[in-house]
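Below is one structure, written out as C-alpha cells, with a few remarks after it.
The values are calculated or read from the model by the stated rules, or taken from the named source; none is laboratory data. The model shown is predicted, which means the values in this text are computed figures rather than measured ones. Here Cβ is always computed from backbone atoms with ideal geometry, including for glycine, and neighbour counts include all displayed protein chains. Note: areas computed on protein heavy atoms with side chains; ligands, DNA, RNA excluded. Shrake-Rupley method; radii C 1.70, N 1.55, O 1.52, S 1.80 Å.
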Amino acid sequence: MSIRAILFDLDGVIVDTAKYHYLAWRRLAQELGFEFTEKDNERLKGVSRMRSLEILLEVGGLLGKFSEEEMNRMAEKKNNWYVEYITKMDESEILKGTLDCLKGFRALGLKTALGSASKNARLILDNLKLVPYFDAIIDGTKTSKAKPDPEVFLLGAQALGVSPEECVVFEDAQAGIEAAKSAGMKAIAVGRPEDLTGYDLIVKGLYEVNPAEIAKL
Ligand code: B16
Ligand code: MG
C-alpha cells in the first residue's frame with residue numbers, strides 16, 4: 001500500500017514548546033516549594049496536561065495531597081502562564097526544515113495533518129502562520145485518550161479520508177511512537193536513537209527529511 005498522508009506531532013517536531021511548558025511548570029513547582037529541573041521536564045514531553053501535573057507533584061513528593069478541584073486549579077494556573085509565553089511566539093520559532101517538508105509532501109500530492117496532545121495547538125499554529133499547510137488539525141481538544149493511545153492519529157487518518165496503513169507519523173516522544181505503531185502507521189522518530197525505540201526510521205529533525213523518499217516507504 002502506498003503512502004498518502006503525513007501526520008506531524010507539534011511539540012518537538014515542528015516547534016520547541018517544551019521550553020515554555022518547562023518555564024510554566026517550574027513556576028508552579030516554585031510556588032509549591034520545590035525545584036523542578038530540566039531533566040524532570042523530559043518526562044513531560046508528549047504527555048497530557050493532567051498527567052504532567054501528576055508527574056510534577058510526584059517529583060515534589062506531593063502526589064495524592066490535593067483534591068481534584070485543587071489539581072484542576074493548578075493545571076489551569078500553569079496553562080495561563082504557558083499561554084502568556086506562547087502568545088508571543090512567531091514564525092522565527094518554526095524548527096529548521098519544517099516548511100520545506102510540509103511544502104514538499106503537498107507538492108507530491110500527499111495530505112498533511114497535525115496530531116498533537118496540546119489543547120493549545122491551534123493558537124501555536126496560528127502564531128507560526130502554519131494553519132494553511134494542514135489538511136486536518138487534531139489536537140487535545142478533539143481527543144479523549146492520551147498517547148500512547150492511537151486515537152489522535154486514527155482521528156487524523158479519518159479526517160483525511162485515508163487508511164492508517166497509508167500514513168506516516170513524525171514523533172519526538174516515545175508515547176507518540178507507540179501511538180503511531182498501534183494505529184498501524186509508519187513511525188518516524190525525531191530525536192536521538194539512545195532516547196527512543198520501536199520506530200521505522202529516525203531523523204534528527206525535519207531538515208533531514210527527503211519527502212520523495214518518505215513517500216516511497
Ligand atoms: P497543553 P505534543 C504535548 O504536545 C507536549 O509535548 C506536552 O508536554 C504537553 O503536556 C501536551 O502537549 C499538552 O499540552 O497543556 O498545551 O494542552 O508533543 O503532543 O504536540
Ligand atoms: Mg512531541
Residue count, region 105-138, condition part of a helix (DSSP H, G or I) and open to solvent by 20 Å² or more (accessible area, probe 1.4 Å), comes to 9
When every residue in region 17-31 that is touching a helix residue (DSSP H, G or I) at 6+ places or on another chain (Cβ under 9 Å), more than 10 Å from ligand 1 (Cβ to nearest atom) and not small (Gly, Ala, Ser) is compared, the one most open to solvent (accessible area, probe 1.4 Å) is Glu31
Under 21 Å from the mean Cα position of the chain (by Cα), over 30 Å from Tyr207 (Cα atoms) and open to solvent by 70 Å² or more (accessible area, probe 1.4 Å), is that true of Glu76?
yes
For region 42-65 the number of residues that are in a helix (DSSP H, G or I) and either loosely packed, with under 14 Cβ neighbours inside 10 Å or not polar (S, T, N, Q) (or both) is 13
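Yes/no per residue for (1) within 16 Å of ligand 2 (Cβ to nearest atom); (2) among the charged types (D, E, K, R); (3) modelled with pLDDT of 95 or more; (4) touching a helix residue (DSSP H, G or I) at 6+ places or on another chain (Cβ under 9 Å):
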site: Arg4; (1), (2), (3), (4): no, yes, yes, yes
site: Leu10; (1), (2), (3), (4): yes, no, yes, yes
site: Val15; (1), (2), (3), (4): yes, no, yes, yes
site: Gly33; (1), (2), (3), (4): no, no, yes, no
site: Gly61; (1), (2), (3), (4): no, no, yes, no
site: Ser67; (1), (2), (3), (4): no, no, yes, no
site: Asn72; (1), (2), (3), (4): no, no, yes, yes
site: Glu91; (1), (2), (3), (4): no, yes, yes, yes
site: Leu99; (1), (2), (3), (4): no, no, yes, yes
So, first residue under 18 Å from Met71 (Cβ atoms) in region 26-53, second residue small (Gly, Ala, Ser) and within 16 Å of ligand 2 (Cβ to nearest atom), Cβ within less than 6 Å, six or more apart or across chains; the pairs are Leu44/Ser52; Ser48/Ala117; Ser48/Ala146
